[in-house]
Amino acid sequence: MRRTGYLHLYGLNLVFDRVGRGPAVLLLAEEASLWPEELPQGYTFYLLDLPGHGRTGGPQMSPEELAEYVAGFVVMTNLGSPPILVRGLGEAVGEVLAERGYAVFSGKDIGEGLRRAQLV
């Protein structure tokens, strides 16, 4: 079951869903609804609606600006260093995050992304 949360960050209410129980994994696309409803068991998935997309308001932003929100989300929710699986616009944001040292993997196939992140 998806649980919706809100985090006030840099003047915006960032909307996210949380699913499951286990090690944290961040799923990053334009919005949470772009990920499958059914996700693998054994993980806690965090699915963000990026600023300007989905349920999160705000203006359209560059991947660099969006990366600041993602980094802030990770810190403010105390997730540590979760693997980040990306697709869609999340791929461009993921490139910026990878340059900053975050563990970023393709999310086109979630199972494969989890294997690459060595969580399987």
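Remarks
- Check on residue 7, part of a strand (DSSP E or B), farther than 18 Å from residue 117 by Cα and touching a Leu at 6+ places or on another chain (Cβ under 7 Å): yes
- Filtered by the rule that a residue be hydroxyl-bearing (Ser, Thr, Tyr) and either free of Cβ contacts under 8 Å to residues at least 60 places away in the same chain or closer than 19 Å to residue 33 by Cα (or both), segment 65-120 gives 69, 81, 102, 106.
- Subset of segment 14-55 (residues that are of a type outside the set (Phe, Trp, Tyr), part of a strand (DSSP E or B) and farther than 16 Å from residue 91 by Cα): 14, 15, 17, 18, 19, 24, 44
- Taken over segment 76-102, the criterion of being surrounded by fewer than 18 Cβ atoms within 10 Å (Cβ to Cβ) and assigned to a helix (DSSP H, G or I) is satisfied by 76, 91, 92, 95, 98, 99.
- Candidates 73, 105 - the one that is assigned to a helix (DSSP H, G or I), surrounded by 15 or more Cβ atoms within 10 Å (Cβ to Cβ) and at negative phi: 73
- Given (1) free of Cβ contacts under 8 Å to residues at least 40 places away in the same chain; (2) out of contact with any Gly (no Cβ under 7 Å at 6 or more places or on another chain), index of the condition residue 51 fails: (2)
- Residues located in segment 10-33, provided they are in contact (Cβ under 8 Å) with a residue 40 or more places away in the chain, under 27 Å from residue 112 (Cα atoms) and aliphatic (A, V, I, L, M): 15, 24, 25, 26, 27, 28, 29
- When the test is whether a residue is surrounded by fewer than 16 Cβ atoms within 10 Å (Cβ to Cβ), at pLDDT 95 or above and of a type outside the set (S, T, N, Q), residue 54 does not pass it.
The values are calculated or read from the model by the stated rules, or taken from the named source; none is laboratory data. The model shown is predicted, which means the values in this text are computed figures rather than measured ones. Every residue, glycine as well, gets a Cβ built from its backbone with ideal geometry; the counts of neighbours run over all protein chains shown.
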